[in-house]
Structure formats: C-alpha cells, structure tokens
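Report on one structure; see the data block that follows.
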Amino acid sequence: MLTCQAEPHKTPKEPTATVSRPLVADAVDFAGVYDGKLGDKYPIRLLINAQEPNDSVWWGEYYYLSKGELISLRGHLDAAGNLKLREYGAGDNKPATGVFTVQLPTAQELTGTWQAPDGTRNLSVALRRYDGAAPPGRSCAVQVRERTYFGRYTVPIITTSDKGVNKLLAKQFSIEAATGTSLADLREQAPPKDAIRGFMDLSFEENYNANCLLSITQTQEDVGANVNSGITTTSLDLRTGFGIQIGSEIRQEKMAAFVAYCDAQLQQQIAKYVRENGYFDASDSVGLNGQRFSYDNLGTIIIRKDTVALPYGVEYADMYYMMYKQYQSAFAPTISFAALQLYLRPNSPLRRLAPKQQP
C-alpha cells in the first residue's frame, strides 16, 4: 500500500515465489508440469517447483481439471528415493488432505499412489511430463474479455480451449480473489459514482497474449487520508494454467550469469533515475545506491511485445512512503526474447517466445 505521508516506513514485500541461490541439479531435472490421472479416472495437472540448494523440502501444487482449484504440495525424498508430497488446503496450519508417494524413474514420468490421510482410500498415480517448449498449435485459442462490477471494478474473463484451465483462471481472476472480499461485502463497500474516497478503482492491462502465454497487470486504488494503490502482475502458461516464475525457468549452469545480467540492467536504470530525478535525502542516496539484483528477485515477470521484464522492488531502512510510491514501477531489468533463450531450460514455456527464423 502507498501513501504520500513523509514518515519512515518499512516497505511491505509482495508475496512471490523466489529462488534464494542457484538451484540443485536434481530438483531442476524434475521441476516442471506433469499431466495424467489419479485412479485412472481423475485428470489432474501437477507442478513441481525448482528446489533451493541444501533444502530437502520439495514444493508444488496441482489441480483437478474438473474443479480448477489449486492444492498446495510440500514434501521430501524418503530413504528409498521416492518422492512424498503432502497436499494441504487453503490457509495456514491446515492438516494434510492427502499424500502422494511417487517413484522417479526418469524426469519424464511420475508413477505411484495417492493416499487419504487416514489410509482409507488409495488411488494410482500415472503422470507424464509436459513439454512446455512445444509450439502451442492452432488449438490454443485465447480470448480475454472484461467484466465490470458496480461501475468501478473490472476483472479479466479468460477463455481458452482447455476447460480445466478455464475453471482454474476463473477462480484466480475472480472479483473475490482480486479484492479479498465477497461480492456481497464489496457491494456494500463500493462508493457512489461521485465519491472522492473509498475503494475507487480496480482495472487490468493485457501486456502480452500470444503463443499460448498471457501476461496481465492488475491495479487497484483506495483513497482515504492518502492515496493507496497496489500493482500485481501475473504471467501464465495457458496450456497448463500455471503461473510462470522466472527462477524455475533458468538453467542451473546459467543462473549466475542471468542474475549478473539483471543486476547490470538494474544499475543502469538506477543511474538514469538519479540523473533525471536526483535524491530525496542522504538516506535515499545510500539506500538507492545499495540496491543489488539477486536470486531472491527471480519471481514474477512481465511479458511484453518483444521483451521480458523482472519487476524490482526497492527496499531499504527508513524509506519514506513517498519514495516507495515513486519507486514502485521505476525499476525492472529487461531482456529481449532472443537473449532470454540463452538462459532457459530446454522445456520452458518461455521457449515459445523465441523469434521465428527468417527463411
């Protein structure tokens, strides 16, 4: 949230999936999306995230194509080399609702069982790896429309040729998800058209929609004693419905070089900002010049016409709200589609951004 008050403020972090250090090779081998069935009859899609070094915990999520609701996964490799992933419902401290025990014979398949927590139900697991780099083909028809509530709040309505993806994105981009409140409560909170205070606006911008990839930025504004606004960008692989986090798309051996490239871009952007705007005070000078792009910043991306940008959030001690507002969208290391290909995993969906070769 933003405000124009000249009071020191500890900048809140926007929750993103990040990578703290270079990734473990074994985890990189198995990170990705798998399609298949539970019990030979329940179609699901499952994502395994890249793992951090010296971390025995594996993370992921999955959803039933018939329901479109993400279920979190967390687990580890057991002594026999099997991957055990416990699934959890929404919210903190929720008990496990099921356990996957899968073998890892190759990086192309997951086979094993799913078991209810009390052991009363067992289902077979048979999943095949999805090749994100494959061309989407003609079947990837995507339509983005808009729906406005109470004359103020607009959300995207995303339709693809995949019914499972449609259900997943309908929940992810619902008005309830965007505002964190029910439609009934929002109706009561919505200010009249001539109001100058309250939850004034919710809108979105379509940054990129091609190659079965979609990038959308949502912005909301709340006016009280100060103007508070928030910006959230989501980039998606529309063939699977899962969001794209850049840290899971970069090859391990290229990770250090990619981070160095992004940091060089960031330093150039900071230098340009200082030339054009100067500093607010001495602490601002120290704080701004102390910024460094690191593995922790490998999260959300913005896909545009021919580049990918990595939004960078400036943070330093005693930063003023006023400066946070100015910095919010000021810095984002950018890389061309062509240059990005040098760093990507072979099966990354961002491979589809590669410029087409001229005949």
Open item on the list: Any residue in the stretch 54-75 that is over 22 Å from D162 (Cα atoms) sitting within a Cβ distance under 9 Å of a residue that is among the aliphatic types (A, V, I, L, M) and part of a loop (DSSP other than H, G, I, E, B)? List the pairs, counting only those 6 or more apart or interchain.
Closed with: N54/V24; D55/V24; W59/A17; W59/A50; R74/V57; G75/V57
- [ ] Tell me which residues, restricted to the stretch 163-220, are in contact with a Gly (Cβ under 7 Å, 6 or more places away or on another chain), modelled with pLDDT of 90 or more and not polar (S, T, N, Q).
- [x] G164, V165, K167, L168, L169, A170, K171
TODO: Could you please give the count of residues in the stretch 277-296 that are within 30 Å of P355 (Cα to Cα) and of a type outside the set (D, E, K, R)?
DONE: 3
Open item on the list: Residues that are crowded, with 16+ Cβ neighbours inside 10 Å and outside the structural domain of F150 (by TED's automatic domain parsing): list the helices (runs of 4 or more DSSP H) wholly contained in the stretch 173-284 that include at least 2 such residues.
Closed with: 255-277
Task: Scope the stretch 285-294; condition assigned to a helix (DSSP H, G or I) and of a type in the set (G, A, S); matching residues - done: S285, G287
TODO: Check whether at least one residue in the stretch 297-307 is touching a helix residue (DSSP H, G or I) at 6+ places or on another chain (Cβ under 8 Å) and over 30 Å from P355 (Cβ atoms), and report yes or no.
DONE: no
TODO: For A141, indicate whether it is more than 22 Å from G36 (Cα to Cα) and either exposed (fewer than 12 other Cβ atoms within 10 Å of the Cβ) or aliphatic (A, V, I, L, M) (or both).
DONE: yes
- [ ] Sort out which residues of the stretch 295-305 are at pLDDT 95 or above and not in a strand (DSSP E or B), and write them in order of number.
- [x] I301, R304
Open item on the list: Exactly one condition in (1) modelled with pLDDT of 90 or more; (2) farther than 26 Å from E249 by Cα is false for A80; which is it?
Closed with: (1)
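The values are calculated or read from the model by the stated rules, or taken from the named source; none is laboratory data. Since the structure is predicted, the reported quantities are computational estimates derived from the model, not experimental observations. Reconstructed Cβ throughout: ideal geometry from the backbone, glycine too, with neighbour counts over all protein chains shown.
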